[in-house]
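The values are calculated or read from the model by the stated rules, or taken from the named source; none is laboratory data. Please read all numbers here as calculations on a predicted model, not as lab measurements. In this analysis, Cβ positions are derived from the backbone assuming ideal geometry, glycine residues included, and neighbour counts consider all displayed protein chains. When the accessible area is computed, the model is the full protein with side chains, heavy atoms only, and any ligands, DNA or RNA have been set aside. Shrake-Rupley method; radii C 1.70, N 1.55, O 1.52, S 1.80 Å.
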Amino acid sequence: MPKIKPFQTHAGKYDEWYDKNPLIYQSELEAVKELLPKGGNGLEVGVGTGRFAGTLKIKLGLDPSSAMGELARKRGIKFIQGVAESLPFPDREFDFILMVTTICFLDDLEKALLEANRVLKPDGSIIIGFIDAESPLGHFYQEHKGESTFYREARFYTVKEVILHLKKAHFKDFQFRQTISKPMGEVKDREPVKEGHGEGSFIVVKGVKLV
């Protein structure tokens, strides 16, 4: 079952995080923008309250939490309730799929990525933003999971693990961006976005559909 209870109960609290941490949010947003296709028919899986889809002009979002979805609708997003492991869309429907801080909450990452591949057009792309489990922020979240409303049941992945899962789901030609190299409490300005991985805690990877 998807881990939606805290998101149903505390959707407003989740959404407020972005207002309280605008520099982190803007840094992550810029990292995603660098790898996001400039046009085409897109879908955000795990759209949450629509903070990324709304700003990035992605019109369609899917999430298991109806409470989160109601906030996404207020940002002009067409919301569909559902789970990443069983996307309610036909084959070859989308040019790209975005997932931001979504994979750590999935029941079955491999199945979700295979579903993403299924609904992507030939040469379509998947863009995943996530906290690297081996980064300082990744270690912090894992050490303090029990204290968090939202990350209590999260499963954090390393870059190597994400790439392995993407390859199994038939994606290729990976590109990377990274940001948030400082501890969150020390971020006083928008963090730079760099190519690659290994320095930043927030990683964006883009892969292209192989089959």
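Among the residues of the range 1-57, those identified as small (Gly, Ala, Ser), out of contact with any strand residue (DSSP E or B) (no Cβ under 8 Å at 6 or more places or on another chain) and more than 17 Å from Ile97 (Cβ to Cβ) are Ala11, Gly12.
Considering only helices (runs of 4 or more DSSP H) fully contained in the range 1-64, which possess at least 3 residues that are in contact (Cβ under 8 Å) with a residue 40 or more places away in the chain and among the charged types (D, E, K, R)? Reasoning before the result, please.
Numbers: elements: 5-9, 11-20, 22-35, 51-56.
The helices (runs of 4 or more DSSP H) meeting that bar are 22-35.
If you check Arg118 against the conditions, is it crowded, with 16+ Cβ neighbours inside 10 Å, out of contact with any Ser or Thr (no Cβ under 8 Å at 6 or more places or on another chain), closer than 21 Å to Leu35 by Cα and among the basic types (Lys, Arg)?
Details: crowded, with 16+ Cβ neighbours inside 10 Å: yes; out of contact with any Ser or Thr (no Cβ under 8 Å at 6 or more places or on another chain): yes; closer than 21 Å to Leu35 by Cα: yes; among the basic types (Lys, Arg): yes.
Yes; evaluated as a whole, the condition is true for this residue.
Checked against the criterion of being out of contact with any helix residue (DSSP H, G or I) (no Cβ under 9 Å at 6 or more places or on another chain), exposed (fewer than 14 other Cβ atoms within 10 Å of the Cβ) and among the charged types (D, E, K, R), the range 20-29 contains one or more residues that satisfy it.
Pairs meeting the criteria (first residue in the range 72-87 and more than 17 Å from Met99 (Cβ to Cβ) and part of a strand (DSSP E or B), second residue of a type outside the set (Ser, Thr, Tyr) and open to solvent by 40 Å² or more (accessible area, probe 1.4 Å), beta carbons under 9 Å, at least 6 apart or on different chains) are Lys78/Lys59.
Residues that are without any contact (Cβ under 8 Å) to a residue 40 or more places away in the chain and small (Gly, Ala, Ser) within the range 171-208 comprise Ser181, Gly185, Gly196, Gly198, listed in sequence order.
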